[in-house]
Amino acid sequence: MPASSAVSPILLIQTAFIGDVILATALLERLRETELDTPVDVLVRRGNEGLLLNHPHVRQVLVWDKKNDKYGGLWRLLRQIRATHYGRVYNLQRFASTGLLTAFSGAEERVGFDKNPLSWAFTRRVPHGFAPGLHEVGRNLSLLEPGIAGPLTRPRLYPAPADEAAAAPYVVENYICIAPTSVWFTKQFPQEQWEKLLRALPPHYTVYLLGGPPDVAACEALRQATDRPGVVNLAGKLSLLASAALMRGAVLNYVNDSAPQHLASAVDAPTCAVFCSTVPYFGFGPLSSFARVVELREELACKPCGLHGYAKCPLSHFHCAHGIDTQQLLAVLAEAEQLVGV
């Protein structure tokens, strides 16, 4: 039996990392603008479903446990997808597993990037590539309609009242958030560099260190490495949406080229993004109203060394990170202070 809704539902597929799911929410905003009455479901990997809790534009969140039940879960999802009778499936990824879900979804329209190995079975294949000024959000939006006109639709998250309440005790007059870690080593500003920044920040700021449960130890090591008062380790203590709510009220948020950068973009929080081995050209820069990128001033022949980065610097010097001057980060704070009148 077809879905009970008069309009066939849409499925968005994004089972990659946290930041990728956040950026995919721009499609939810765009669909809300153009197709108000069309139900939209989203498929994510287990662990990322919390980002879309109580999201006003999402009817249902489908979850794939890629770690513990990859192939069995994939088969069950395919049956669930086919039984739902989606009118359209948009696949934001370039991997065969999600290509299979798209190709055999039974949807009348099956849209994805041409680099997906199963794109031959899609009804529309969209070219995927890098170009000057093209953000990942723009690439994703091209799946909905080619050459979307107007300003870029930003990603957006919706912290619930419980998330706001969890962040509220930490909202003080002047505070800064630092999310110092990354899944990729060469995307992560080194601890000694963060230490320099902490020692140089004006003393009237409270500084919150943000991260998930895997980041607790790294954030605590950073806190203990400096004798600066007012540094609070909140890693593992706030949900993603509560962290976003806290970031929104900060004078500035210092982040790597990683998920917290996109978390800040999704609540329009002031952002200073530090790019080490990667470059904004790839299309993953910050999108907040106040957003600055800090990277090494000089050009390096070895930068960028890869799209995601590595477990260590391939040339062992990691100059793209160690060569960044603390004054570059402080200059962004001075700009942010002027904006809010600190």
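Remarks
- Condition met for Gly129 (of a type in the set (Gly, Ala, Ser), loosely packed, with under 15 Cβ neighbours inside 10 Å and not assigned by TED's automatic domain parsing to the domain that holds Leu315): yes
- Test: residue in the stretch 168-177 that is in the same structural domain as Cys219 (by TED's automatic domain parsing), without any contact (Cβ under 8 Å) to a residue 60 or more places away in the chain, in contact with a strand residue (DSSP E or B) (Cβ under 6 Å, 6 or more places away or on another chain) and of a type in the set (A, V, I, L, M, F, W, C): yes
- Selected residue (criterion: surrounded by the most Cβ atoms within 10 Å (Cβ to Cβ)) from residues of the stretch 265-274 that are within 21 Å of Gly133 (Cβ to Cβ) and in contact (Cβ under 8 Å) with a residue 40 or more places away in the chain: Ser265
- Within the stretch 94-101, the presence of at least one residue that is in the same structural domain as Arg30 (by TED's automatic domain parsing), assigned to a loop (DSSP other than H, G, I, E, B), surrounded by 14 or more Cβ atoms within 10 Å (Cβ to Cβ) and modelled with pLDDT under 95 is confirmed.
- Residues of the stretch 157-207 satisfying the condition of being part of a loop (DSSP other than H, G, I, E, B) and under 29 Å from His57 (Cβ atoms): Leu157, Tyr158, Pro159, Ala160, Val171, Ser182, Val183
- Qualifying residues in the stretch 287-307 (those that are more than 15 Å from Asn253 (Cα to Cα) and surrounded by fewer than 16 Cβ atoms within 10 Å (Cβ to Cβ)) - the one nearest to the chain's Cα centre (by Cα): Leu307
- Across the stretch 77-84, a minimum of one residue is classified as over 24 Å from Pro155 (Cβ atoms) and touching a Pro at 6+ places or on another chain (Cβ under 7 Å).
- Search result, residues across the stretch 36-93 that are β-branched (Val, Ile, Thr) and not in a loop (DSSP other than H, G, I, E, B): Val40, Val42, Val44, Val61, Val63, Ile81, Thr84, Val89
The values are calculated or read from the model by the stated rules, or taken from the named source; none is laboratory data. Please read these numbers as outputs of a predicted model, since none were measured by experiment. All Cβ positions, even for glycine, are placed from backbone atoms using ideal geometry, and neighbour counts span all protein chains on display.
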